[in-house]
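Worksheet for the structure shown next.
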Amino acid sequence: MRRPPIRQAGGAMTRRALLRGSALAGAGLATGLLPRRAFAQQTAPAIVTSERALPQLPYGVQAGDLAGDRAIIWAAADRPARMRIEWATGDSFADARSVIGPAALEDTGFTAKFDLGGLPPGQQIVYRVRMVDLADASLVSEPVEGSFRTPPAARRPIRFLWSGDVAGQGWGINPDWGGMRIFETMRRLEPDFFIHSGDTIYADDPIAAEQAMPDGGVWKNVTTEAKAKVAETLAEFRGNFAYNLLDDNLRRFAAQVPMLVQWDDHDVSDNWYPRESFAGDPGKAAYTVTSAALLGARAARAFQEWMPVRWDRTAWPHLYRRFAYGPSLEIFRIDMRSYRGPNTDGRETALSGAARILGAAQLSWLKRALLASSATWKVIAADMPIGLVVWDDFRARRGADAVAQGDDGPPLGRELEFADLLRFIRDSEIRNVVWLTADVHYTAAHYYDPNQARFQEFAPFWEFVSGPLNAGTFGPGELDPTFGPQLAFAKAPPAGQFNLPPSAGLQFFGQVDIDADEVMTVTLKDLAGAALFSRTLEPERDGAAAPR
């Protein structure tokens, strides 16, 4: 969504200053300094010919895309190196097993991922990653450790979190404030996993050394060359991911909480769609590359390299997948960005072209996957809300970037796809479907009631919204009545205030707890971890009415 212009001021807070103020021990890093040359610049580090230092893993480790007995393990090196992984089911590593992973080379920005299989169900897995210098195998990095819990085979209590929107609107890593503090708040809750709901970076939002705050104060950012302008090259997109991982809190979190990661517009550019041209768009005047398709391809490559996702490059992007987490829960990660038509005013009457946001293939997959699921709870992880109007041009209140378009009549435009999906869910008697999303930079709970809707051919359901994680706070948004969303709760800035910094405290995430009886409790929380709103949902069984 397009935001008002950001005021920025000069100053100097560099990565070197960050390293003076915070240790890199955050993700088990006992390795000291960052690479000789910035990953943000994506230039190969200089190779010293004698008394070379050990390889480094400056960005910690990550795990993600838990699927049955498998998980993606991620790390990055400071030079060409071979990934080695040890994993075990106890901190002592007494039963450790070792695997040799891929080489971290220039073609991946020195990142490496391994699809680790054969993991036992319902176990706490500890792992450590080393990098072996490919130019001198005697040089092996210190280990960097991570952990995660595999999906259970039987019912047990589950806790997971979700949110999105990191380092947006010029609010970057401020070490004077403690960095991206919300990640530490979430880590302490010890969730089983985290759904990152998109806008994992703000490739279109440069980070200046200083930014003026509404209260007259100055927010001081760590800066890198890659964040000095909008991202256009592959190196600049890589540098945006590297920038976020300079934060101690995020590295600690990523090492201990596995992620299911989505992407959205700011992972490429504001409100983009695949066939868009930026030529002649005054809002995109900063770009010399005007093809959204070209930028999207580069962004997708960087996303695939820097996030712990299972992503087949031959079927770009194919991010949508299902993740069963024991008999009680299955997550359906969808992609509302890659297959959409253009952002029109959303008045199309036929389900094709501009009316698409999921695309025919993804919509068909989602129907089949929901129908095949045996999980009690079916959570659809969406990178955009259903009933909130997200304007393509917020100043003119024109164009639809999400599903809703502000028309209070029957489904039109992208609403047609969702009407089709919601009708299918009802007619197929698929129960206990909950939607989780972010994108709008405030937190809310919506109950979709067919009795209050213009389109009534669906079963009632809940949608919960949260975010941002370290970005400007906006809202609240306008609800479109087509699917009958009823506002149960919202927390947003006071009227007339927008783009509030993280220090204002209006940063949000959601927490989902499923107990041993499969009762789900969804809680919306703030930066400090305080509960703002909570809703307990009993699972619908044997045709009972869905809970409100």
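Sort the range 416-548 into rounded, prolate or oblate with this rule: let a ≥ b ≥ c be the square roots of the eigenvalues of the Cα gyration tensor; rounded if a/c is under 1.5, and if a/c is not under 1.5, prolate when a/b is larger than b/c, oblate otherwise. It would help to have the intermediate numbers written out before the result.
Numbers: a/c = 2.68, a/b = 1.52, b/c = 1.77.
Judged from the Cα gyration tensor, the range 416-548 comes out oblate (a/c at least 1.5, b/c at or above a/b).
Share of the range 291-331's accessible area from carbon and sulfur, percent, 1.4 Å? All intermediate terms of the calculation are to be shown ahead of the outcome.
Details: 760 of 1350 Å².
That fraction is 56 percent.
Need one word for the range 239-319: rounded, prolate or oblate. Basis is the Cα gyration tensor (sqrt eigenvalues a ≥ b ≥ c); a/c below 1.5 gives rounded, then a/b vs b/c decides. Kindly include the intermediate steps, with their values, before the conclusion.
On the way: a/c = 2.85, a/b = 1.63, b/c = 1.74.
Oblate.
For Lys229, which lysines qualify as cross-link partners when the Cα separation must be under 18 Å and same-chain residues fewer than eight apart are set aside?
Result set, ordered by chain and number: Lys220, Lys284.
Carbon and sulfur: what percent of the range 436-548's accessible surface (1.4 Å probe)?
Numbers: 1850 of 3940 Å².
Heavy-atom surface of the range 436-548 belonging to carbon and sulfur, 1.4 Å probe: 47 percent.
At 1.4 Å probe size, with every protein chain present, just tell me what the per residue accessible area of the range 458-548 comes to in Å².
Values: 3320 Å² over 91 residues.
Per residue, the range 458-548 has an accessible area of 37 Å².
Can you tell me the accessible area per residue over the range 277-342, all protein chains present, probe 1.4 angstrom, in square angstrom? Don't jump to the answer; show the numbers that get you there.
Details: 2330 Å² over 66 residues.
With all protein chains present, the range 277-342 gives 35 Å² per residue.
Using a 1.4 angstrom probe, figure out how much accessible area the range 371-419 has per residue, in square angstrom, rounded to the nearest whole. Don't skip to the answer; put the middle values down first.
Details: 1430 Å² over 49 residues.
Here the per-residue accessible area is 29 Å².
Carbon and sulfur together cover what percent of the accessible area of the range 335-407 at a 1.4 Å probe radius?
On the way: 1230 of 2450 Å².
The computed percentage sits at 50.
I'd like to know which of Ser163, Ala404, Ser138 lies farthest towards the positive end of the charge dipole of the chain, counting +1 on Cβ of Lys and Arg and -1 on Cβ of Asp and Glu.
Ser138
The values are calculated or read from the model by the stated rules, or taken from the named source; none is laboratory data. This structure is a prediction, so every number in the text was calculated from the model and none was measured. When we count neighbours, we look across all protein chains shown, and the Cβ atoms used for this are built from the backbone with ideal geometry, even at glycine. The protein model used for the area step is the full one, side chains on, heavy atoms only, and it has no ligands, DNA or RNA in it. Shrake-Rupley method; radii C 1.70, N 1.55, O 1.52, S 1.80 Å.
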